[in-house]
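As C-alpha cells, the structure follows; a few thoughts come after it.
Coordinate-derived values only; no laboratory data. Note that this is a predicted model, so its numbers are computed, not measured. Positions of Cβ are backbone-derived with ideal geometry, glycine not excepted, and every protein chain shown enters the neighbour counts.
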Amino acid sequence: MKKKGAVVANINVGTVTWAKSFIKSAKENGIRVTDDPYENVQRIFIGDNIPISDILDNKRHLYFLAASSIPPSDSTDPETDEENESTNIHWADQTLVVSNSERMKLESTVPDLIGKVMVNGFPVSIKQIQDTSLGYEKLEKSVCFLGETRGIKNIDLEVELTQILRDIGYNAFHLSPGVVSRRKELELAGSKVVENVRGSEYWKLLSGFQYFVSTSFYESLGVSGIEATVAGCIPIVPDNSGFRDWCPPENRYTPNDEKHALELIRTQNNWVECMDRVGWYDSREFFSRINLI
C-alpha cells in the first residue's frame, strides 16, 4: 500500500530521546523518514526549525509539538522558543500536540490558535513493548521512578518518597536513558539507580516492577509512564498536566502530597483499566489518525 506522506526529522535525533522513539515508531509502521523538508508530499515536521519561507508547495503540512515552551516547561529560552512555535503553528495546516493540557496552554495564551491545534498523543510501540517485557516475574513491593533528574521532575519529592518506601520495606529504583545528575541523593535515600539503559533492556527491567511513580510538577504527556504501564507496572502519578489524559483518577494523587502517593502505592491494583486507557497511544493508531497510514 502506497504511503501518504513522510516524517521530516528536522531535529537533532542523536540528543532528543523522544525524537528517536517517534522516528522508530514511524519506521515500524512503514512510514518514510526524511531530512529533506522540501519533498512534494504531505509532511509532518517534528522539529521547530522549519524553513517556512522556502516551502512553496500546496501539500498538507503538519507540525508535531512534543512540549510547548509556555510555562510550566523545561525551556531554557522560553521567549524565543515560544515565538518560533507560534510562527510554526500559524503556518502549519494543523499542529499536533500530545495532551489536552498542552492544547489548553497554547489556546489560552494565543486565542487565535483555537481550531489549529489537535490532540493526537504520542506514538507508542505497544506490541513491541509487550512482546519484550510481559511475562517476567515481578519483584515484590517494588517501585520504579524514571527519567532524568531535571527541576520540573520534582526530585525532592522522589527523594522523600524513596526514604519512606525504604523504611516500610519497599524496593525503590530509578531508571534513566542517560546520566542521573542527582544519583548520590537518590542512592542515599535508598534507591537503586540504573543509568544509560534503553530499548528492550529498559522494557525488560520495567516489567519486573509492580509500580511506576512520577513526582513531576508538569509533564506534557508522561510517555515514560505510558510505556511503564504497557510493560505491566501500575502507574501512580500526580493529578496534573498530561497525566490526566491517560491515567485513571483513582491512580492520581494530590500533587506534592507524599502521604496520598504512599496510600495509592499500598492500595491500588487496577492495571487492566490503566492498560485500556493507554491503548489509544498505539503507534499505528497515532499515524492513522493523521492519515499517514
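For segment 203-214, 3J(HN,Hα) computed residue by residue from phi via the Karplus equation (6.51, -1.76, 1.60; θ = phi - 60°) reads 5, 5, 4, 4, 5, x, 9, 7, 10, 9, 10, 10 Hz, glycine and proline entered as x.
Out of all DSSP beta bridges with both ends in the chain, state the antiparallel percent to the nearest 5.
Once the DSSP bridges in the chain are tallied, antiparallel ones form about 0 percent.
Only Cα pairs under 8 Å and 6+ residues apart enter the sum, and on that basis the relative contact order of segment 140-246 stands at 29 percent. Beyond 30 Å between alpha-carbons counts as too far, so tell me which of LYS127/LYS184; LYS59/LYS153; LYS20/LYS141; LYS116/LYS259; LYS27/LYS141; LYS59/LYS105 fall in that bin. Beyond 30 Å between Cα atoms: LYS127/LYS184; LYS59/LYS153; LYS20/LYS141; LYS116/LYS259; LYS27/LYS141. With one equal scatterer per alpha carbon and no solvent term, the Debye-computed log10 I(q)/I(0) for segment 224-293 at 0.16, 0.25, 0.28 1/Å reads -0.56, -1.10, -1.27. Bridges between two residues of segment 133-220, per DSSP, are antiparallel at a rate of about 0%. Of the three principal axes defined by the Cα atoms of segment 126-279, the extents in descending order read 36, 30, 30 Å. Per-residue Karplus couplings for segment 123-136, computed as 6.51 cos²θ - 1.76 cosθ + 1.60 with θ equal to phi - 60°, are listed in order as x, 10, 7, 4, 4, 5, 4, 5, 4, 7, 10, 5, x, 7 Hz, Gly and Pro entered as x.
If you wrap segment 5-120's Cα atoms in a convex hull and average its projection over all directions, what's the area in nm²?
7.1
Couplings 3J(HN,Hα) for segment 33-41, derived from phi with the Karplus relation 6.51 cos²θ - 1.76 cosθ + 1.60 (θ = phi - 60°), are 10, 9, 9, 9, x, 9, 4, 8, 9 Hz, where x marks Gly and Pro.
Does segment 65-160 classify as rounded, prolate or oblate by the C-alpha gyration tensor (a ≥ b ≥ c root eigenvalues; a/c under 1.5 gives rounded; else a/b over b/c gives prolate, otherwise oblate)? Walk me through the numbers before you get to the answer.
Numbers: a/c = 3.15, a/b = 1.66, b/c = 1.90.
It comes out oblate by the Cα gyration axes.
Taking a cut-off of 27 Å, what percent of all Cα-Cα pairs in the chain are separated by more than that? The share of Cα pairs beyond 27 Å in the chain comes to 41 percent. From most to least packed by mean Cβ count within 10 Å, the peptides 220-233, 36-49 give 220-233, 36-49.
Return the calculated 222 nm mean residue ellipticity for the chain, to the nearest 500 deg cm²/dmol, obtained by summing -39500 (n - 2.57) across DSSP H runs with n ≥ 4 and dividing by the residue count. Write down the numbers at each step before the final one.
On the way: 12 runs with 110 residues, N = 293.
Calculated from helices alone, the mean residue ellipticity at 222 nm is -10500 deg cm²/dmol.
In this structure, the amide hydrogen of SER142, modeled 1.01 Å from its nitrogen in the peptide plane, lies closer than 5 angstrom to those of ASN171, GLN210, TYR211, counting only residues at least 5 positions away or on a different chain.
How high is the relative contact order of the chain, given as a whole-number percent (alpha carbon pairs under 8 Å, six or more residues apart)? Could the numbers behind the result be given before it?
On the way: 555 pairs, mean separation 49.1, N = 293.
Reported relative contact order: 17 percent.
Across segment 202-250, the fraction of Cα-Cα pairs farther apart than 12 Å, rounded to a whole number, is 56%.
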